[in-house]
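To keep things clear, I will list the structure first and then write my remarks on it.
The values are calculated or read from the model by the stated rules, or taken from the named source; none is laboratory data. Quick caveat: nothing in here was measured; it's all calculated off a predicted structure. Methodologically, a virtual Cβ is constructed for each residue, glycine included, from the backbone with ideal geometry; neighbour enumeration extends over all protein chains shown.
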Amino acid sequence: MKSEEQIMSKPATPNDVETETPREEPGEAAVEAVVRLEAEVADLKDRLLRALAETENLRRRAERDVSDARQYAVSKFAADLVGVADNLERALASVPAEARRGSAVLKTLSDGVALTGKDLMQVFEKHGIRRIEPLGERFDPHLHEALFEVADPSVPSGTVSTVVSPGYAIGSRPLRAAKVGVARGGPAAAADGG
């Protein structure tokens, strides 16, 4: 056995002494790395939020496009059928009322044409197509086509006083503008305060 003196006189080796390594304070490099990583996380988070927002906007836009496509897909076809509705009305107007009363054949033919026109209007309504009858309304260049002016001091200027041909719209979009005569010479039309 070794005596205490022998142990004490022997120089200590690294294995004999438990060395405590002092905790190092974070260095500048570590702080810079943390700051850099936090900035990178913030940037990635911002990019993710922007990508999610863009995806949501695309989804909404696609839904709106699909809805518009459903609503307005028949626009060209409907615009062509508007002429058919006009021709049915002209056919009815071409037969005088006296002739209809005097002839059973003309009455039956007129009734058939009138029913066909009524059915066509029901089909239009079913598909969101409405007839624009603007008589007495304020002139709207989006829905009306002014063909002439009428001097009429009894109604406000800018009021539709004559409808030459009705217009048609599908949803909020016009298929065909109503062809109208617009009054002038009366008091100024009141602006919509809506």
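Go through (1) touching a Phe, Trp or Tyr at 6+ places or on another chain (Cβ under 9 Å); (2) surrounded by 17 or more Cβ atoms within 10 Å (Cβ to Cβ); (3) closer than 27 Å to residue 70 by Cβ for residue 167 and report which single condition fails.
Here residue 167 clears every test but (1).
Taking residue 115 and the conditions (1) closer than 23 Å to residue 164 by Cβ; (2) not small (Gly, Ala, Ser); (3) not assigned by TED's automatic domain parsing to the domain that holds residue 165, which numbered condition does it fall short on, given that it satisfies the others?
Result: residue 115 passes all but (1).
Counting only residues that are assigned to a helix (DSSP H, G or I), in contact (Cβ under 8 Å) with a residue 24 or more places away in the chain and not acidic (Asp, Glu), how many does the stretch 51-89 have?
Filtering the stretch 51-89 down to residues assigned to a helix (DSSP H, G or I) leaves 51-72, 75-89.
Checking which are in contact (Cβ under 8 Å) with a residue 24 or more places away in the chain leaves us with 71-72, 75, 78-79, 81-82, 84-86, 88-89.
Those still in the list that are not acidic (Asp, Glu) too: 71-72, 75, 78-79, 81-82, 84-85, 88.
Qualifying residue count, the stretch 51-89: 10.
Exactly one of these conditions fails for residue 100: (1) within 30 Å of the chain's Cα centre (by Cα); (2) of a type in the set (Lys, Arg); (3) surrounded by 15 or more Cβ atoms within 10 Å (Cβ to Cβ). Give me its number.
Here residue 100 clears every test but (1).
Looking only at the stretch 129-162, how many residues end up being loosely packed, with under 15 Cβ neighbours inside 10 Å, out of contact with any Ser or Thr (no Cβ under 8 Å at 6 or more places or on another chain) and not in a strand (DSSP E or B)?
Selection size over the stretch 129-162: 5.
Here's the yes/no breakdown for (1) modelled with pLDDT under 90; (2) under 22 Å from residue 89 (Cα atoms):
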| site | (1), (2) |
| --- | --- |
| 148 | no, no |
| 154 | yes, no |
| 161 | no, yes |
| 177 | no, yes |
| 183 | no, no |
| 190 | yes, no |
| 193 | yes, no |
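Which condition number does residue 94 fail, the rest of (1) over 30 Å from residue 76 (Cα atoms); (2) surrounded by fewer than 17 Cβ atoms within 10 Å (Cβ to Cβ); (3) not aliphatic (A, V, I, L, M) being met?
Here residue 94 meets the rest and fails (1).
Give the residue, chosen from 60, 70, 64, that is exposed (fewer than 11 other Cβ atoms within 10 Å of the Cβ), among the charged types (D, E, K, R) and either in contact with a strand residue (DSSP E or B) (Cβ under 6 Å, 6 or more places away or on another chain) or at pLDDT below 85 (or both). Lay out the reasoning, then the answer.
Working: 60 fails: either in contact with a strand residue (DSSP E or B) (Cβ under 6 Å, 6 or more places away or on another chain) or at pLDDT below 85 (or both); 64 fails: either in contact with a strand residue (DSSP E or B) (Cβ under 6 Å, 6 or more places away or on another chain) or at pLDDT below 85 (or both).
After ruling out the rest, the residue left standing is 70.
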